[in-house]
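Asker: If you scroll down you'll find the structure; I have some questions about it.
Every number here is computed from the coordinates shown, using simple stated rules; none is lab data. All of these numbers come straight from a predicted model, not from anything done at the bench. Here Cβ is always computed from backbone atoms with ideal geometry, including for glycine, and neighbour counts include all displayed protein chains.
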């Protein structure tokens with residue numbers, strides 16, 4: 001029996017007067033990959049960013065409803081957002097390594113957390129880069145700039161940077177859309193391996209990607225959650241006509 005690590009209840013989000021999320025209620029199961037699909041501007045990335053309060057960084061955003069991580073309201077006034085973002089890590093669409101060495105990129109979050117023992121950092125670098133399936137590519141050039149890597153390698157270093165702080169949940173906002181097909185496949189394979197240890201939520205434009213790697217799929221449209229179910233059910237036998245129309249390419 002799967003248990004929910006994140007629950008969202010009647011979540012509405014406004015950018016000024018514009019309602020971007022219209023009453024989203026869903027559960028994200030521990031140890032699974034949940035994919036969020038839907039056309040551009042449907043609210044899926046906005047919802048993803050609300051799960052670790054990245055929308056707090058945008059002016060004039062108002063959110064109502066409840067989002068809980070293991071039963072704890074993440075929008076409670078007592079919630080420490082630094083701790084929250086350590087527990088729920090984020091990987092963005094464009095690889096965004098810092099202009100430092102590969103090593104310094106991976107240990108960035110650990111150093112912010114006050115960890116400076118070299119042996120601890122060394123171990124975290126190797127473990128995280130191995131988990132991100134890039135250790136063999138970079139182990140002999142850890143002191144070189146992460147910006148010198150290919151796009152796919154940069155994205156895996158960014159994933160290693162998130163893994164180094166040992167989050168419980170990893171959010172990925174279209175992490176392969178800026179990459180070539182080979183790099184995208186490598187990242188998909190890596191995510192399937194990471195599912196053994198982490199809960200993963202991925203926003204993707206690629207229906208193929210969602211169907212290949214996710215356990216659950218949520219279909220968003222115009223700020224609403226139209227349907228969420230096991231991925232096989234969503235792709236083979238959706239309950240809602242709108243889901244069927246989107247998956248079959250009638251709009252997108």
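Asker: Could you quote the convex hull projected area for the chain, Cα atoms only and averaged over all directions, in nm²?
Answerer: Numbers: hull surface 55.9 nm².
Mean projected area of the Cα convex hull: 14.0 nm².
Asker: If you don't mind, another one. Over all pairs of distinct alpha carbons, what does the Kirkwood formula give as the hydrodynamic radius of region 51-135, in Å? Don't skip to the end; give the middle numbers.
Answerer: Values: mean 1/r = 0.0656 Å⁻¹.
For region 51-135, inverting the mean 1/r across all distinct Cα pairs yields 15.2 Å.
Asker: What angle, in degrees between 0 and 90 and rounded to the nearest 10, separates the Cα long axis of helix 151-163 from the longest principal axis of the Cα atoms of the chain?
Answerer: For 151-163 against the chain, the angle is about 90 degrees.
Asker: Right, another one. What order do you get for 36, 54 when you list them from fewest to most C-beta neighbours inside 10 Å? Spell out each step's value before the answer.
Answerer: Details: 36 28, 54 19.
Least crowded to most crowded, the residues run 54, 36.
Asker: Can you give me the angle between helix 181-194 and the longest principal axis of the chain, using Cα atoms only, in degrees from 0 to 90, rounded to the nearest 10?
Answerer: The two axes meet at around 90 degrees.
Asker: Shifting gears a bit: On alpha carbon coordinates alone, what is the Rg over Rh value for region 136-252, Rh being the Kirkwood radius? List each step's numbers first, then the result.
Answerer: Working: Rg = 16.5 Å, Rh = 15.9 Å.
Using Cα coordinates only, the ratio equals 1.03.
Asker: Pairs of Cα atoms under 8 Å, at least six residues apart: use those to get the relative contact order of the chain, whole percent.
Answerer: Details: 474 pairs, mean separation 67.9, N = 252.
Once divided by the residue count of the chain, the mean separation gives 27 percent.
Asker: Students often check this: by mean Cβ neighbours within 10 Å, which of 142-149, 110-117 ranks highest, and how do the rest follow?
Answerer: Values: 142-149: 16.2, 110-117: 12.0.
Going by the mean number of other Cβ atoms within 10 Å, highest first, we get 142-149, 110-117.
Asker: Okay, moving on. Only bridges whose two residues both fall in region 4-247 count here: according to DSSP, what percent of them are antiparallel, nearest 5? Kindly include the intermediate steps, with their values, before the conclusion.
Answerer: Values: 26 of 43 bridges.
Of the beta bridges lying entirely in region 4-247, close to 60 percent run antiparallel.
Asker: A further question follows. How far, in degrees from 0 to 90, does helix 118-131 lean away from the longest principal axis of the Cα atoms of the chain, to the nearest 10?
Answerer: So the helix axis and the longest Cα principal axis differ by about 50 degrees.
Asker: Output the peptides 193-204, 14-25, 209-220 sorted from most to least packed, where packing is the average of other Cβ atoms within 10 Å over each peptide's residues.
Answerer: On the way: 193-204: 19.7, 14-25: 15.3, 209-220: 22.5.
Ranked by mean Cβ neighbours within 10 Å, highest first: 209-220, 193-204, 14-25.
Asker: Using a 10 Å cut-off on Cβ atoms, rank the peptides 38-44, 175-181 from the highest mean neighbour count down.
Answerer: Working: 38-44: 19.1, 175-181: 17.6.
Going from most to least packed, we get 38-44, 175-181.
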